[in-house]
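Visitor: This is the structure, below, for whatever I ask next.
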Amino acid sequence: VTHGFADDTLSFPKDFLFGTASSSYQIEGGWNEDGKGESIWDQWAHEHSDLIIDHSNGDVACNSYHKYKEDVQLLKSIGVNFYRFSLSWPRILPTGYPNVINQKGLDYYKNLIKELLANGIEPFVTLYHWDHPVIFESMGGWTNELMIEWITDYARIVFKELGPSVKYFVTINEPSDICSEAYFGTTKAPGKNLGYSAQYICMHNILKAHARIYHMYDTEFRKEQNGQVGFLISCLGLFPKNSSDTEAVNVFFQFNCGWMANPIFSNAGDYPTIMKERIADNSKLSGLPRSLMPTFTQKWVQYIKGAADFLALNHYTSRLVETVPRQDGQKWYDNCGIKASIDPSWPNSSSDWLKIVPDGFRMIIEKISNEYGYPPIFITENGVSNNCHTSDYSRVSYLQSYMKEMLTAINESGCKVKGYAVWSVLDNFEWDRGYTEQFGLVYVNFTDPNRTRTPKQSMNWYKHVIETRNLDVYEPSISTVIV
Ligand code: PNW
């Protein structure tokens, strides 16, 4: 239903940027082509297909390694201003180290960027979306401090070779998810279930690595290239389970979001105080001689603080939080003292973790803005899974309701959201969920060797939003919303 007149509150700011997002392992395929080295996701999917729900892998995925020109034409037909994609480190550096550059791998990205620019689309590059060379994992991956040097060496090659045509970079996709799921869990590669300690060490190294890359860009490339380097975090929307328990929201926010954001975006820098305190308490109560959470020297605190040109936020869903009562001398529940849960009234998607809670999006954008002095924000991922082929009205309704909340945060609360990317342009390899959960604006037939792409309803809807720069364009009536 078109109302015939535009509602101002549903209009996007003049310079607002629209995009879509993807990642290398999830779409490229060509896993061992043209001299590419092996990544931990290649290895993981080959050796642990039992841990991937449909026993699939990303060997071919959407075959974007060969079909990138078709992908760019799809992006052009949507009308996006930018395309966020990630680079496969071992495709560029097969040994992991910068002594051997794989020209063909580099050319793939150079050609993709050329194609994007020729079609009026700004490349938005993620340096690292979870697929590092296997050699570094053999030496401990993100639990080894040397990862900081290794990834900085790789980033320098990227800036040198691709930086002249790229205005937007983000470094490391979703640090907390890497640290908690890959080093304190078995669902994501390398699936090393090493406990809290590894999780905190992992984040420590990622924060240092990010800062190193940021300052390296500053001293070696910024003057010439004049781009921006952002720090990317994923955060949940939060609501108190019991309305009076606002403390639960504040504390959980610090453990979920502040863990990554406070060291970079707060005035004081360093980890959130409450986090340091509670983890130290629990460590002591476990009889340990020091906290499980490593400490930054003052030098590192200063070096990390402010090391980002913008805050990149991935957001999908929300949780209810409640304070877990604690007696003196007892440990904080889960180190944090807060329990998170799902409100049974929240609508489902095709992913069990992803419940549909539009106002959580506004909540988290406002909380982040408040907490860190209204930094420029890019939404680098937002989207929903549903497996309804091309009649994906429920995706339209998810995106519309979430974008509406984002607009309210911009227009009513002055949050500086500069751009927004839908996850994802194509249905793709959804990590441990294989191909069973589809997030695309475009349907991909994974049983067809040609990986045929077919636009969904949501793609046409998004195209219309970008064209009109207004959300008041398409209200699916409740009866057409089918999950
Ligand atoms: C993202 N959360 O991870 C990843 O960046 C993508 O690669 C992935 O395909 C997408 O989610 C969909 O699963 C997330 O805390 C990490 O709610 C954390 C959350 C959500 C998604």
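Visitor: Find all pairs meeting these conditions: Cβ atoms under 9 angstrom apart; at least six residues apart or on different chains; first residue within segment 428-439 and touching a residue at least 24 places away in the same chain (Cβ under 8 Å); second residue within 7 Å of the ligand (Cβ to nearest atom) and assigned to a helix (DSSP H, G or I).
Guide: Between residues of segment 428-439 that are touching a residue at least 24 places away in the same chain (Cβ under 8 Å) and residues that are within 7 Å of the ligand (Cβ to nearest atom) and assigned to a helix (DSSP H, G or I), the close pairs are N428/Q26; F429/Q26; E430/Q26; W431/Q26.
Visitor: Specify which of the listed residues (I52, I27, I40) is within 16 Å of the ligand (Cβ to nearest atom) and touching a His at 6+ places or on another chain (Cβ under 9 Å). First the steps, then the outcome.
Guide: Details: I52 fails: touching a His at 6+ places or on another chain (Cβ under 9 Å); I27 fails: touching a His at 6+ places or on another chain (Cβ under 9 Å).
Testing whether each residue is within 16 Å of the ligand (Cβ to nearest atom) and touching a His at 6+ places or on another chain (Cβ under 9 Å) leaves just I40.
Visitor: How many residues does segment 383-432 hold that are touching an Asp or Glu at 6+ places or on another chain (Cβ under 7 Å) and farther than 19 Å from S22 by Cβ?
Guide: 4
Visitor: Taking interchain pairs and intrachain pairs at least six residues apart, which have beta carbon atoms under 7 angstrom, with the first residue in segment 245-257 and aromatic (F, W, Y) and the second within 12 Å of the ligand (Cβ to nearest atom)?
Guide: Qualifying pairs under 7 Å: F252/L238; F252/A340; F253/L238.
Visitor: Every residue in segment 341-353 that is within 15 Å of the ligand (Cβ to nearest atom) and surrounded by fewer than 20 Cβ atoms within 10 Å (Cβ to Cβ), please.
Guide: Here is the first cut: in segment 341-353, the residues within 15 Å of the ligand (Cβ to nearest atom) are 341-343, 346, 348-353.
Passing the criteria: S341, I342, D343, W346, N348, S350, S351, D352, W353.
Visitor: Separate question: Only one of I377, I338, I364 is modelled with pLDDT of 95 or more, away from the ligand (no atom under 16 Å from the Cβ) and of a type in the set (V, I, T). Can you tell me which?
Guide: Values: I338 fails: away from the ligand (no atom under 16 Å from the Cβ); I364 fails: away from the ligand (no atom under 16 Å from the Cβ).
Answer to the selection: I377.
Visitor: Let me ask you something else. From the list N370, N411, exactly one residue is away from the ligand (no atom under 14 Å from the Cβ), surrounded by fewer than 21 Cβ atoms within 10 Å (Cβ to Cβ) and either under 20 Å from G58 (Cα atoms) or in contact (Cβ under 8 Å) with a residue 40 or more places away in the chain (or both). Which is it?
Guide: Numbers: N370 fails: either under 20 Å from G58 (Cα atoms) or in contact (Cβ under 8 Å) with a residue 40 or more places away in the chain (or both).
Being away from the ligand (no atom under 14 Å from the Cβ), surrounded by fewer than 21 Cβ atoms within 10 Å (Cβ to Cβ) and either under 20 Å from G58 (Cα atoms) or in contact (Cβ under 8 Å) with a residue 40 or more places away in the chain (or both) holds for just one of N370, N411, which is N411.
Visitor: Keeping to segment 133-175, report how many residues are farther than 11 Å from Y97 by Cα and either outside any helix (DSSP H, G or I) or not hydrophobic (A, V, I, L, M, F, W, C) (or both).
Guide: Total satisfying the criteria: 25.
Visitor: Give me the pairs: first residue in segment 209-225 and in contact (Cβ under 8 Å) with a residue 60 or more places away in the chain, second residue in a helix (DSSP H, G or I) and of a type in the set (A, V, I, L, M), beta-carbon distance under 6 Å, and six or more apart or on different chains, which are they?
Guide: A209/I148; A209/I151; A211/I304; R212/I148; I213/A155
Visitor: Next question, about the same structure. So which of A261, A268 is within 18 Å of the chain's Cα centre (by Cα) and outside any strand (DSSP E or B)?
Guide: Values: A268 fails: within 18 Å of the chain's Cα centre (by Cα).
Going through A261, A268 in turn, just one is within 18 Å of the chain's Cα centre (by Cα) and outside any strand (DSSP E or B): A261.
Visitor: I would also like to ask the following. Among G329, G306, which is in contact with a helix residue (DSSP H, G or I) (Cβ under 8 Å, 6 or more places away or on another chain), modelled with pLDDT of 95 or more and more than 16 Å from the ligand (Cβ to nearest atom)?
Guide: On the way: G329 fails: modelled with pLDDT of 95 or more.
That would be G306, the only listed residue that is in contact with a helix residue (DSSP H, G or I) (Cβ under 8 Å, 6 or more places away or on another chain), modelled with pLDDT of 95 or more and more than 16 Å from the ligand (Cβ to nearest atom).
Visitor: Looking at E174 and the list (1) acidic (D, E); (2) away from the ligand (no atom under 16 Å from the Cβ); (3) at positive phi, which single condition is not satisfied?
Guide: That leaves (2) as the condition not met.
The values are calculated or read from the model by the stated rules, or taken from the named source; none is laboratory data. Nothing here was measured: the structure is a model prediction, and the numbers come from that model. Positions of Cβ are generated from backbone atoms using ideal geometry, with glycine treated the same way; all protein chains shown enter the neighbour counts.
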